[in-house]
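These notes are about the structure you will find just below.
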Amino acid sequence: MKTLQLVVLTFLSLTIFGCKGEKKEATDQENNTETVTTTSDKKEEDVTKTVAFKLEPKSDSKVSGKVTFTESEGMVNMTAELTGLSEGEHAIHIHEKADCSSPDGKSTGGHWNPTMEAHGKWGAKEGYHKGDIGNFKADTEGNGYITFATNEWCIGCDDVKKNILGKAIIVHQGIDDFTSQPSGAAGSRVSCGGIIE
């Protein structure tokens, strides 16, 4: 009789522990499914977009370089690396058209200004163009580097006041004085690149 009771107890113990294990496994599988579903439900704003292109010399200069725009979580980050510049400060702007066909870079049109503001330093309460990036420095060897970030741009969105695709980056020989209208008296256009996918 004791042997029979021992066998029944052992059997019941195995059954109880076995069921708990199956229940835990089922819970883990449910959790994994939820995680996969959450991961696959990415919003469009969470997708990272990147546009990179080369800058070519204009106005008989030797200024070239590379620009990269990256959009993530509603922010667009720009980095520009240039060579062949004269030492000192230079202006960089976004211009209206991604057309670098003319030798002087003027085929890009004026500054990109979809909000029809006065020219000025980025963020100025008196107004500024969406293309008014500003100035950066070149070292004694003619190398320059600038980074810029804003939520006032986008890459390929439907908002014409934010979308930078189809525009151009222009680097100028001189500095932007942030006051002269309509473009800051920054001098000749020494490098150009179209912002296109």
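The values are calculated or read from the model by the stated rules, or taken from the named source; none is laboratory data. Computed from a predicted structure; not experimentally measured. When we count neighbours, we look across all protein chains shown, and the Cβ atoms used for this are built from the backbone with ideal geometry, even at glycine. For the accessible areas, the whole protein counts, side chains as well, though only heavy atoms, and no ligand, DNA or RNA atoms are used. Shrake-Rupley method; radii C 1.70, N 1.55, O 1.52, S 1.80 Å.
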Go through (1) closer than 22 Å to GLN181 by Cα; (2) of a type in the set (A, V, I, L, M, F, W, C); (3) in contact with a strand residue (DSSP E or B) (Cβ under 9 Å, 6 or more places away or on another chain) one by one and return the number of the condition CYS100 breaks.
(1)
Give the number of residues within the stretch 143-188 that are out of contact with any Asp or Glu (no Cβ under 6 Å at 6 or more places or on another chain) and farther than 18 Å from THR79 by Cβ.
22
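For (1) in contact with a helix residue (DSSP H, G or I) (Cβ under 9 Å, 6 or more places away or on another chain); (2) β-branched (Val, Ile, Thr); (3) within 15 Å of GLY174 (Cβ to Cβ), each residue gets a yes or a no:
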{"position": "ALA52", "(1), (2), (3)": "no, no, no"}
{"position": "GLU56", "(1), (2), (3)": "no, no, no"}
{"position": "GLU73", "(1), (2), (3)": "yes, no, no"}
{"position": "SER86", "(1), (2), (3)": "no, no, yes"}
{"position": "ILE92", "(1), (2), (3)": "no, yes, yes"}
{"position": "ASP99", "(1), (2), (3)": "yes, no, no"}
{"position": "LYS106", "(1), (2), (3)": "no, no, no"}
{"position": "LYS130", "(1), (2), (3)": "no, no, no"}
{"position": "LYS137", "(1), (2), (3)": "no, no, yes"}
Residue satisfying condition, being open to solvent by 30 Å² or more (accessible area, probe 1.4 Å), in contact with a Leu (Cβ under 9 Å, 6 or more places away or on another chain) and at positive phi, within set GLY166, GLY156, GLY123
GLY156
Take the residues in the stretch 104-118 that are over 22 Å from CYS154 (Cβ atoms) and in contact with a Ser or Thr (Cβ under 7 Å, 6 or more places away or on another chain); name whichever of them is surrounded by the most Cβ atoms within 10 Å (Cβ to Cβ).
GLY105
Hey, could you check the stretch 136-153 for residues that are of a type in the set (A, V, I, L, M, F, W, C) and closer than 21 Å to ALA98 by Cα and say which is surrounded by the most Cβ atoms within 10 Å (Cβ to Cβ)?
TRP153
Where residues in the stretch 126-135 are charged (D, E, K, R) and surrounded by 13 or more Cβ atoms within 10 Å (Cβ to Cβ), which of them is nearest to the chain's Cα centre (by Cα)?
LYS130
So in the stretch 30-87, with the set limited to residues that are over 24 Å from ASN135 (Cα atoms) and of a type in the set (A, V, I, L, M), which one is modelled with the lowest pLDDT?
VAL36
Go over the candidates THR115, THR140 one by one and state the one that is over 19 Å from the mean Cα position of the chain (by Cα) and at pLDDT 95 or above.
THR140
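Give the residues of the stretch 50-94 that are basic (Lys, Arg) and either within 12 Å of GLY193 (Cα to Cα) or crowded, with 16+ Cβ neighbours inside 10 Å (or both), sorted by residue number.
Within the stretch 50-94, LYS54, LYS58, LYS66 qualify.
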